[in-house]
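All remarks here apply to the structure that follows.
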Ligand SMILES: [Zn+2]
């Protein structure tokens, strides 16, 4: 299998005749994924050596502008709806993709039905599928920021409470190593609880609120 080093990380180049990709083009059931749901698999995916073949550890390369995109862009909610194919979010060039053999047959027979639709709505479908990727990118970035902010909030609160506990315990029993250890443990526990509590509170608050 071909390998590629990017930023010091070794990736395996997944392309035909990789068994999973052969499966993608031969399994008739996947016609549903391609034609009904609009899912597409690129002809080539870079997967971290030793990593799982999941979107988290894969990159998709645009051969036109040479930008690399995380596989997660086309996962989750953005996995489907790419009826006109998948495109590079940077330069909007079409990314070469696989097509299931049965999809090819169905598409060949039904050309007169879908070709005019594609000519009229193709660009709109393309822009919609690109917009989906931008949403996925933003959602991932926002999620990362939120996760970090809860950790930070918990740490600050824990530090504050730790100092508070050490002072209180010292006032009660006099300063000692045991008092400090107790204060640190109590502060850490308070910090973790506070962080989790804030996260639960925020997710309960955000429930039902959909990003527009
Ligand atoms: Zn590109």
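Let's test the formula: R0 of 25 Å, r as the Cβ-Cβ distance of residue 49 and residue 77. What FRET efficiency results, to the nearest 0.05?
Details: r = 29 Å, r/R0 = 1.14.
Once rounded, the FRET efficiency stands at 0.30.
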Residue separation between residue 5 and residue 120 times 0.36 nm, minus their alpha-carbon distance, gives in nm 37.2 nm
Taking every C-alpha to C-alpha distance in the stretch 148-206 and binning by 5 Å from 0, the per-bin percentages run 5, 23, 22, 18, 13, 10, 6, 3, 1, 0
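In what order do 65, 88 fall by count of nearby beta-carbon atoms within 10 Å, going from fewest to most? Walk me through the intermediate numbers first.
Working: 65 11, 88 20.
Sorted ascending by nearby Cβ count, the order is 65, 88.
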Of 109, 36, 22, the most mobile residue in a GNM of the chain (C-alpha springs, cutoff 10 Å) is 109
With Cα springs under 10 Å, the Gaussian network model of the chain assigns the largest mean-square fluctuation among 157, 201, 87 to 201
From the Cα centre of the stretch 1-20 to that of the stretch 150-180, the distance in Å is 50 Å
Checking 74, 114, 14 against a Gaussian network model of the chain (alpha-carbon springs below 10 Å), the top fluctuating residue turns out to be 114
Shape call for the chain, from the Cα gyration tensor axes a ≥ b ≥ c (a/c under 1.5 means rounded, otherwise prolate when a/b beats b/c, else oblate), comes out prolate
The FRET efficiency for residue 68 and residue 104, from their Cβ-Cβ distance with R0 = 30 Å and rounded to 0.05, is 0.60
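Fewest to most neighbouring Cβ within 10 Å: what's the order for 34, 172? Write down the numbers at each step before the final one.
Working: 34 23, 172 8.
Lowest count first: 172, 34.
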At q = 0.18, 0.22 Å⁻¹, the log10 of I(q)/I(0) for the stretch 3-109 from a Debye sum over equal Cα scatterers comes to -0.91, -1.30
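Over the chain, calculate the relative contact order: mean separation of alpha carbon pairs under 8 Å at least 6 apart, over the residue count, as a percent.
Values: 269 pairs, mean separation 32.7, N = 212.
Computed over the chain, the figure is 15 percent.
Roughly speaking, what is the stretch gain from residue 93 to residue 20, that is 0.36 nm per residue apart minus the C-alpha to C-alpha distance, in nm to one decimal?
Details: separation 73, 0.36 × 73 = 26.28 nm, distance 2.51 nm.
Once the chain is fully extended between residue 93 and residue 20, it gains 23.8 nm.
Every read-out reported here was derived from the displayed coordinates using simple, explicitly stated rules and does not represent laboratory data. Only a predicted model underlies this, so the values are computations on that prediction, with no experimental measurement involved. Cβ atoms come from the backbone with ideal geometry, glycine included; neighbour counts cover every protein chain shown.
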